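The values are calculated or read from the model by the stated rules, or taken from the named source; none is laboratory data. The structure presented is a predicted model; accordingly, all values stated were derived computationally and were not measured. All Cβ positions, even for glycine, are placed from backbone atoms using ideal geometry, and neighbour counts span all protein chains on display. Quick note on the areas: whole protein, heavy atoms, side chains included, nothing else; ligands and nucleic acids left out. Shrake-Rupley method; radii C 1.70, N 1.55, O 1.52, S 1.80 Å.
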Amino acid sequence: MSDLFERLREIVGDAHVLVDPDLRAPYETDWTRRFTGTARCVVRPADTAEVAGVVAACAAAGTPIVVQGGNTGLVGAGIPTGSEVLLSLTRLTGIEPVDPLEAQVTAEAGVTLENLQRHARAAGLDFGVDLAARSAATVGGLVATNAGGIRVLRYGSMRAQVTGLEAVLADGTVVSRLSGLAKDNTGYDLTQLLVGSEGTLGVVTRARLRLVPLLPARAVALVGLATTEDALALLARARGALTGLAAAELCYADGVALVRSYAGLPAPFPEEYPVYLVLECAARSDPTDELVELLGDAGEIGDATVASDAAGRTRLWAYREAHTEAISAAGIPVKLDVSVPLRELASLAAQLPPTVDAVAPGARLILFGHLNEGNLHVNVLGAGAQGTELTDAVLNLVAAHRGSISSEHGVGRAKARWLSLSRSDAEIATMRRIKAALDPPGLMSPGVLLP
Ligand code: 2HG
Ligand code: ZN
């Protein structure tokens, strides 16, 4: 091992090979504190050439690698298990000037989402993906997980924003396709193969990204409703009526109560509602009127409040966006991220409480998510030793509703053993053949994604 450490120090410099346990520690536990492990060392390369050198050195030594970006992942894909070199990409922070004609930009893997957004906005454009972990989540991690977030309704997932990638393969080869051509039918799409591969096929070092128009005028509504069915009916009406609809986010009374006590927020309405929906419209000119008009047509709405100014919008978003933090402050949850066809969503939401209660009596279930994609975040506090049984029960219930066991967070280590609930044997066998072709010795993120 000391030969490998020596070689790694030659490539990235002494200061960027962290062997000391205290220095490694922040990289070895995830944000939720649920996944923790040990790395042989943490290596922090500065550029693509150094990444390629590190990967080639590990390949030559037969040492596995786990790749980490901002360490905001929720399925343990960036956390080592004992034998790996942990490759941290946070020093790859270069970002090229925005190309206004193509409306694209090239960013290195370690650029945070927040810095990417800031960079695009300074050039009069915007980035199509947004999520609560924006200050730490990085481009490489967003690509590797095919991140979703709160704008999928309008712009699609990360996959839809990526027009090209540069990546280092398991043997140290650099593949690069950064021209960002809108049309390019010249064979297998290696870029899209790497999106969502969770570090198992290669290390993403740079991405060519599509940008979207900057829509400066925004209006946000927080709506109180009686049922999940009512939220779905309002969503369908909103999609039909609002040209600027940009987000539709769901939460429930117990989650809002937890957020309120964590963040010290007032009750949003005089009365409590079982279900809450955050709707956001974004446009070139003020979309408040169209949002108010939709809500004025009472229909399924219990109560609603609208904000157009930045402070008011942030205040309304907080009821939804602070869920993850508030849950984390209350304990280490079992965290599942599932999606089902919209027709199945209300029945899934109704069946989850008894399902959780049967396996982990007294545990606290908090549900929230991205309504338009049928994506529920199932968080359970106080499950004790029942975590695996609970995961099994919930994911089987989701499969019975024709859903996916990972909607946007990825499979990682957390869901690998349940992959067959969402993918057929033939699909998994094909994935294994792709993995074997690109990483024959299986050194890239072993144990992640493929069981
Ligand atoms: C969100 O939508 C994130 O806020 C996190 O995907 C979800 O904490 C979670 O379960
Ligand atoms: Zn989410």
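Can you spot a residue in segment 32-52 that is within 16 Å of ligand 2 (Cβ to nearest atom), open to solvent by 40 Å² or more (accessible area, probe 1.4 Å) and not hydroxyl-bearing (Ser, Thr, Tyr)? Steps first, please.
Keep residues of segment 32-52 that are within 16 Å of ligand 2 (Cβ to nearest atom), which gives 32.
If we keep only those that are open to solvent by 40 Å² or more (accessible area, probe 1.4 Å) too, we end up with none.
No, the conditions are met nowhere in segment 32-52.
Looking only at strands (runs of 3 or more DSSP E) that lie completely in segment 10-96, which have at least 3 residues being under 27 Å from Leu336 (Cα atoms)?
Fully inside segment 10-96 and qualifying: 65-68, 85-88.
Considering segment 293-302 alone, what residues qualify as being closer than 21 Å to Glu271 by Cβ and surrounded by fewer than 15 Cβ atoms within 10 Å (Cβ to Cβ)?
Within segment 293-302, Gly296, Asp297, Ala298, Gly299 qualify.
Looking for something within 16 Å of ligand 2 (Cβ to nearest atom), outside any loop (DSSP other than H, G, I, E, B) and not β-branched (Val, Ile, Thr) - is there at least one such residue anywhere in segment 293-302?
no
So, Arg284, is that one modelled with pLDDT of 95 or more, surrounded by 13 or more Cβ atoms within 10 Å (Cβ to Cβ) and either closer than 17 Å to Arg151 by Cβ or more than 16 Å from ligand 1 (Cβ to nearest atom) (or both) or not?
Here the answer is no, as Arg284 does not meet what is asked.
Considering only segment 331-378, state which residues are out of contact with any His (no Cβ under 6 Å at 6 or more places or on another chain), of a type in the set (Gly, Ala, Ser) and within 12 Å of ligand 1 (Cβ to nearest atom).
The initial filter retains those residues of segment 331-378 that are out of contact with any His (no Cβ under 6 Å at 6 or more places or on another chain), namely 331-336, 338-339, 341-343, 345-347, 349-367, 370-378.
Keeping just the survivors that are of a type in the set (Gly, Ala, Ser) gives 331, 339, 346-347, 349-350, 358, 360, 362-363, 374.
Correct list: Ser339 only.
Could you check segment 383-428 and list, in sequence order, the residues that are part of a helix (DSSP H, G or I), among the hydroxyl-bearing types (Ser, Thr, Tyr), touching a Leu at 6+ places or on another chain (Cβ under 9 Å) and open to solvent by 20 Å² or more (accessible area, probe 1.4 Å)?
Hits for segment 383-428: nothing passes.
Condition check: more than 16 Å from ligand 2 (Cβ to nearest atom) and surrounded by fewer than 16 Cβ atoms within 10 Å (Cβ to Cβ). Does Arg118 satisfy that? Working first, answer last.
Details: more than 16 Å from ligand 2 (Cβ to nearest atom): yes; surrounded by fewer than 16 Cβ atoms within 10 Å (Cβ to Cβ): yes.
Here the answer is yes, as Arg118 does meet what is asked.
List pairs: first in segment 167-196 and within 25 Å of Asp47 (Cβ to Cβ), second among the acidic types (Asp, Glu), Cβ under 7 Å, 6+ apart or cross-chain?
Ala170/Asp439; Val174/Glu166; Ser176/Glu166; Leu178/Glu166; Gly180/Glu102
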